[in-house]
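Heads up: the structure comes next, in C-alpha cells.
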Amino acid sequence: MLKRMLALLAAALFIAAPRGHSGEGGKGPFTIGFSEYVLGVSWRIQTLEELKYTAGKNPDVKELIVTNANGDISKQIADIEDLVSKRVDAILLAAGSPKALIPAVDKAVDAGIVVVDFDSVTDSNKAFHLTVDQEEFGRLGAEFLVKAMGGKGDIIVFNGIKGTSVSAGRFKGAEDVFKKHPGIKILQTVFGNWEYGVARKSMESLFAAYPKIDGVWSQGGAMSEAVMEAYFERGLMPPPITGEASNGFLRLWKVCLEKDPNFDSVAPSSPTFISGDALKMAIAILKGKKYDRTTYVKVPLITRDNIDEFYNPNLPDSYWVHSNLPADIVAKLFTR
C-alpha cells in the first residue's frame, strides 16, 4: 500500500492551482513552495495529499512546488535555498531538524519570503510555526498508561525519528508524567522511526531481552500496530499500550476489545489536514494578517467511547482518520 501511495505521488511534485488575479501588495495568486523532509511513512504521504487538495481549490495559489529531501538534512537545506532562488512567495516546511535548518530558514525570511513550518518545526524565531502541542500528545498517552498500569510496572518506549522536534516533544510530555510516578520503570527506549517494519524488528528483540513487559508507550500508530501483532503471533494479548489515530491501530484495538471487553487504549492525533491549514496560514500572512510566532492545533483524542466514530473498516490500515480529504480522493489514494 505504501509503495502504491508513493507511486501515485511520484509524478505530482508540482501542481498548478486555479489562477486568480495577479497583483502587488499582498494580492494573489501566490507561488508556494513546500519542503518535505521525508515521505517514507503514510502519515506524511496523506499530509502531502491534503496540501495538494487544499492548494488545488484555492484561487490564491498560482503554483505549489514540492520538494522531498528523502531524509537528508543537507538536501533539505539545498531544497530551501532552491525555493528561495525560484522567488516563491512562501515556503511551507516539514523540518528534519529543529536547529540545522535555522540558517536556511532565516535566509529565506530575510529574502522577503514567508516561512511556515508545521508539525515538525524549527527553532527559527523568524518563521511561523503551526503545530500540535506535541508535549500534550505525549502526556495524554502517558497519563492513560500510568492509570491503566495502576501506577507501577516496567514499560518499553517507542519514539519516532531521532532528532525531530515531534519525537522529542512527544517523549518529553510522556517523560514528565513518568517522572511523577517512580513505580514506572522504562526498560528500554527504541527509535522506531514511526515505521511498522522497524518497530516490529525491535519488538522481536525486546521479547528476547525482557520476559516481563507491563506496558508500552508508543508515540506512533504503525509502531503500536507492530507491537500488538507481535503479541498476537505469540497467542498473547498485548499489555496496556498507547497508539495514534491510524485506521490500522484502531482496527487492532477493536480486535482486542473482541477478545477482552475490558481492554482499553487511547489514540491522540496529529491531524493530516495540518498541511492545508499551514497553507491557509501562509496565504493569510501574505495578505497582511497577523499571527503569533507559534500557533497550536488542538490534539484530538480517540478513546473507547468514540472509537466507532473514527474507525473505518472499509479503508486500509494506512489511512489516518482525522482528515479533510473528500471521499473520492481517499478512495483513489487508499484501496484495500
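No value in this document is a laboratory result; all are computed from the given coordinates. Bear in mind the structure is a predicted one, so any value in this text is a computation, not a measurement. Cβ atoms come from the backbone with ideal geometry, glycine included; neighbour counts cover every protein chain shown.
Structure values in brief
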quantity: Charged-residue dipole, Cβ positions (Lys, Arg, Asp, Glu), region 240-282 about Cα centre, Debye nearest 20; calculated: 120
quantity: Cα→Cβ-extended label distance, 7 Å offset, between TYR291 and LYS259, nm; calculated: 4.3
quantity: Two-site FRET efficiency, LYS180 against LYS298, from Cβ-Cβ distance with R₀ of 25 Å, rounded to 0.05; calculated: 0.55
quantity: Euclidean distance between Cα centres, region 105-120 to region 149-203, Å; calculated: 31
quantity: Relative contact order (%) - region 230-336, alpha-carbon pairs under 8 angstrom, separation at least six; calculated: 36
quantity: Selected from GLY28, PRO211, ILE329, residue furthest toward positive end of dipole (the chain; charges at beta carbon); calculated: GLY28
quantity: Mean ellipticity per residue at 222 nm, deg cm²/dmol - from DSSP H runs of n ≥ 4 across the chain, formula -39500 (n - 2.57); calculated: -13000 deg cm²/dmol
quantity: Cα-centred dipole magnitude for the chain, charges only on beta-carbon of K, R (+1) and D, E (-1), debye, nearest 20; calculated: 220
quantity: Angle between the chain longest axis and helix 73-85 axis [Cα atoms, degrees, rounded to 10]; calculated: 20
quantity: Listed candidates [x] 115; [y] 130; [z] 156 - label of the one calculated as volume of the Cα convex hull per residue in Å³; calculated: [y]
quantity: Relative contact order for the chain, counting Cα pairs under 8 Å that sit 6 or more residues apart, in percent; calculated: 18
quantity: Net lengthening on full extension, ASN312/GLU81 (0.36 nm per residue, minus Cα-Cα); calculated: 79.1 nm
quantity: DSSP bridge pairs, the chain: antiparallel proportion in percent, nearest 5; calculated: 15
quantity: Contour minus Cα-Cα distance for ILE73 and LYS57 (0.36 nm per residue); calculated: 2.6 nm
quantity: In region 134-268, lysine pairs with alpha-carbon atoms under 22 angstrom apart (chain gap of 8 or more, or interchain); calculated: 22
quantity: Set of lysines near LYS52 by C-alpha distance (under 20 Å), chain-local residues within fewer than 8 positions excluded; calculated: LYS3, LYS62, LYS86, LYS280, LYS332
quantity: Region 88-230 - charge dipole about Cα centre, Lys and Arg +1 at Cβ, Asp and Glu -1, debye rounded to 20; calculated: 540
